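Just below is one structure, and these are the notes that go with it.
The values are calculated or read from the model by the stated rules, or taken from the named source; none is laboratory data. Note that this is a predicted model, so its numbers are computed, not measured. Note that each Cβ is placed from the backbone with ideal geometry, even for glycine, and that neighbours are counted across all protein chains shown.
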Amino acid sequence: MIEVGWALGVVPGLVLLLLGLRGHIQLLRLIRWAEAPLGTPVPDAGGFWGDAFAALHKRSRAAADSRRQLQEELDRLEALTQALPEGVVILGAGQAIEWLNSQAAADLGLDAARDLGAPVTNLMREPEFVLYLENPPHGVPLLLRCLRTPGRMLQIVSTPFGAGHTLLLTRDITQLEKLETMRRDFVANVSHELKTPLTVVAGFIETLKDGIGPGVGEIPAGDAAHYLALAGEQAGRMQRLIDDLLTLSALETGAPPPAEERVDMRALLAEVREEVVSLSAGRHDIRLEDSGPAWLSGGAPELRSACGNLATNAVRYTPPGGSILLAWHALPHGGAEYAVIDTGLGIESQHIPRLTERFYRVDRGRSRESGGTGLGLAIVKHVLERHQARLAIESQPGRGSTFRAIFPASRVAA
Ligand code: ADP
């Protein structure tokens, strides 16, 4: 009887103990899982614990999924900001750099890893930048020559956002600034080039006006004719300048000449020769060698103007008694070359790279005296570029110059 009673008491006790032990083990497994790295699979179990683990597993998978999605979004956002052509910097408390993209690092000369956390004004100490950050005028960008990236002109916009954060946008406007300077210089040059002859013409008109009619101030007919001739010369100079400006502008805005239009080079070179013979008026020995291809593909008026410009320059910059050779040859690779070789003044090497700039002259006085506009070689360069050709210049001061227009095989017509 006692044994039955004992058994009835002990067995449930043992069962309870076993159940408790099992629960304890599962609890330990759960704690171990909770302490394991994120993403560790939930332990397997049956029954009630299995259901609990499965529910946890589902939650943990959902959390991992949303974490992955969030990370993907963040990566996408980072890739997007890195791909922006503008620089982006996020500043936190005390102007500390919290994040910047690679364009901002390049623009500002910063290091995207090393400089994180540093106050930006410790790294960029330009007073105008420091002042601008302290009190950015709404919507007005700062133009900055950054000391950390010399030679660059930057446009910086600062915008406050969130709680105490600032967004800095940077843009490299060096190229734009250069273009703007070129435009300003060009306008100033044109105005200056027109002003001088215009002043002379206006002066002669005044003189002649005052001298009309008989009386004390009357100008003798011979003098009047002389003044008119001088005024006419200056008017001619203005006319040539305007013509060259119009030619340049047409070349700059127009499409390149078609490759299928055939230009008769023999006829073109004969015309150029006639022009320079007449300009030289017997002062130079002028020869033409035209063994090159008969046809070139391109625009006839443009090519005529470029070849003529190089040839007339040779006459204008070669003292009397010198010789000029116009040579048209085929080149071994299938292209062709038009060379103008003179025994003239020559050019010092430091000027050569700049000769095709608008209004660049080695000797301003000499250029004007010989009727130059300072635009001839700029026109030649444009015409050649439009024909995929290039200009090569060799020169020795006092000995002479060679200007070569080198055309590719694709422009040599069959
Ligand atoms: P310009 O109207 O002044 O001749 P160009 O653009 O044709 O303008 O030429 C620019 C400058 O290049 C000239 O002012 C001159 O100083 C120099 N130059 C051009 N061709 C020659 C040459 N054959 N010999 C010496 N100098 C030259």
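So here's what we get for this one:
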| quantity | calculated |
| --- | --- |
| Filter result for residue 310 (within 16 Å of the ligand (Cβ to nearest atom) and closer than 15 Å to residue 383 by Cβ) | yes |
| Of the criteria (1) of a type outside the set (Ser, Thr, Tyr); (2) at positive phi; (3) modelled with pLDDT of 95 or more, which one residue 380 fails | (2) |
| Meets criteria (over 21 Å from residue 82 (Cα atoms), loosely packed, with under 11 Cβ neighbours inside 10 Å and within 28 Å of the chain's Cα centre (by Cα)) for residue 150 | yes |
| When residues of region 86-127 are limited to those that are assigned to a helix (DSSP H, G or I) and more than 26 Å from the chain's Cα centre (by Cα), the one surrounded by the most Cβ atoms within 10 Å (Cβ to Cβ) | 120 |
| Close pairs (8 angstrom Cβ cut-off, 6 or more residues apart or separate chains): on the phi < 0 side of the Ramachandran plot in region 259-278, among the hydroxyl-bearing types (Ser, Thr, Tyr) and surrounded by fewer than 16 Cβ atoms within 10 Å (Cβ to Cβ) anywhere | 259/410 |
| Odd one out for residue 143 among (1) under 17 Å from residue 88 (Cβ atoms); (2) in a strand (DSSP E or B) | (1) |
| Near pairs, Cβ below 7 angstrom, 6+ apart or cross-chain, from region 63-82 (over 16 Å from residue 100 (Cβ atoms)) to any residue that is of a type in the set (Gly, Ala, Ser) and modelled with pLDDT under 90 | 64/39 |
| Residue in region 311-327 that is surrounded by the fewest Cβ atoms within 10 Å (Cβ to Cβ), counting only those that are in a strand (DSSP E or B) and in contact with a Ser or Thr (Cβ under 7 Å, 6 or more places away or on another chain) | 323 |
| Yes/no for residue 345 being within 25 Å of the chain's Cα centre (by Cα) and either not assigned by TED's automatic domain parsing to the domain that holds residue 183 or not in a strand (DSSP E or B) (or both) | no |
| Region 351-370 - residue that is in a helix (DSSP H, G or I) and modelled with pLDDT of 95 or more and, of those, farthest from the ligand (Cβ to nearest atom) | 353 |
| Output for region 376-400, where each listed residue is crowded, with 18+ Cβ neighbours inside 10 Å and assigned to a helix (DSSP H, G or I) | 376, 377, 378, 379, 380, 381, 382, 383, 384, 386 |
| Residue ID - farthest from the chain's Cα centre (by Cα), chosen from residues in region 401-412 that are within 15 Å of the ligand (Cβ to nearest atom) and surrounded by fewer than 22 Cβ atoms within 10 Å (Cβ to Cβ) | 402 |
| Members of region 317-350 that are within 20 Å of residue 370 (Cα to Cα) and at pLDDT below 95 | none |
| Residue 373 being in a loop (DSSP other than H, G, I, E, B), surrounded by 20 or more Cβ atoms within 10 Å (Cβ to Cβ) and near the ligand (Cβ under 6 Å from one of its atoms) | yes |
| Candidate set: region 334-350, residues that are near the ligand (Cβ under 8 Å from one of its atoms) and touching a Phe, Trp or Tyr at 6+ places or on another chain (Cβ under 8 Å); chosen: the one nearest to residue 188 (Cα to Cα) | 345 |
| Options 65, 51; residue that is modelled with pLDDT under 90 and at negative phi | 51 |
| Close pairs (6 angstrom Cβ cut-off, 6 or more residues apart or separate chains): touching a residue at least 60 places away in the same chain (Cβ under 8 Å) in region 372-393, assigned to a loop (DSSP other than H, G, I, E, B) and within 9 Å of the ligand (Cβ to nearest atom) anywhere | 374/359; 374/361; 375/358; 377/355; 377/356; 378/356; 378/358 |
| Subset of region 201-251 [small (Gly, Ala, Ser), surrounded by 13 or more Cβ atoms within 10 Å (Cβ to Cβ) and at pLDDT below 90] | 211, 224 |
| Tally of residues being more than 14 Å from the ligand (Cβ to nearest atom) and either part of a helix (DSSP H, G or I) or buried (at least 19 other Cβ atoms within 10 Å of the Cβ) (or both) across region 282-296 | 3 |
